[in-house]
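In what follows, a single structure is set out as structure tokens and then discussed.
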Amino acid sequence: MDERQEALPEGEKASGEGLPTKEQVLEALKVVYDPEIPVNIVDLGLVYDVEIHENGVVDLTMTLTAIGCPAQDMVKADAEMAVMRLPGVQGVNVEFVWTPPWTPARMTEEGKRMMRMFGFNV
């Protein structure tokens, strides 16, 4: 049985009692890091979309900095655990996509600042 249900429009708060908002999910994901880059996956620009369903399932669409990244399973597990800690979340689906490809231009200003602190030229 597919747990996915119709998602809420982008930016709209979940109407179900106790469900997290998209902003809360993104904040929770800031504890997840690419093991080779000292910046969280949100500020790196790796999270492309968050959909929160009324049944408490959260769908994440994200990418990695490179296709075939050996840390894919670890990043997926860390993202699932981070989101599952939020009240009302019953499940997490992580889908990795490669289009559009990730580039440093997808990073937030905070992510770029952190990269510069570690000596990266971004």
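The values are calculated or read from the model by the stated rules, or taken from the named source; none is laboratory data. Model, not experiment: these values are computed from the prediction. So basically every Cβ, Gly included, is an ideal-geometry build from the backbone, and we count neighbours across all protein chains shown. Just so you know, the surface numbers come from the protein's heavy atoms only, side chains and all, with ligands and any DNA or RNA stripped out. Shrake-Rupley method; radii C 1.70, N 1.55, O 1.52, S 1.80 Å.
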Can you run down the residue pairs with Cβ atoms below 7 Å, 6 or more apart or on separate chains, where the first is in the stretch 105-122 and of a type in the set (Val, Ile, Thr) and the partner is part of a helix (DSSP H, G or I)?
122/104; 122/112; 122/115; 122/116
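Among residues belonging to the stretch 93-119 that are touching a Gly at 6+ places or on another chain (Cβ under 9 Å) and of a type outside the set (S, T, N, Q), point out the one that is farthest from residue 77 (Cα to Cα). Spell out how you get there, then give the answer.
Let us first name the residues in the stretch 93-119 that are touching a Gly at 6+ places or on another chain (Cβ under 9 Å), namely 102-108, 111.
Narrowing further to those that are of a type outside the set (S, T, N, Q): 102, 104-107, 111.
Working: 102: 20, 104: 24, 105: 26, 106: 23, 107: 22, 111: 22 Å.
Among those residues, the one meeting the criterion is 105.
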In the stretch 28-39, the residues that are assigned to a strand (DSSP E or B) and either open to solvent by less than 10 Å² (accessible area, probe 1.4 Å) or farther than 15 Å from residue 82 by Cα (or both):
none
Across the stretch 93-104, which residue is least open to solvent (accessible area, probe 1.4 Å) among those that are within 18 Å of residue 52 (Cβ to Cβ) and either touching a residue at least 60 places away in the same chain (Cβ under 8 Å) or of a type outside the set (A, V, I, L, M) (or both)?
93
Anything in the stretch 53-92 that is assigned to a strand (DSSP E or B) and buried (at least 16 other Cβ atoms within 10 Å of the Cβ)? List them, or say none.
57, 58, 59, 60, 62, 92
Here the qualifying pairs (Cβ atoms under 8 Å; residues six or more apart or on different chains; first in the stretch 69-85 and closer than 18 Å to residue 56 by Cα; second at pLDDT 95 or above and open to solvent by 90 Å² or more (accessible area, probe 1.4 Å)) come out as 82/31
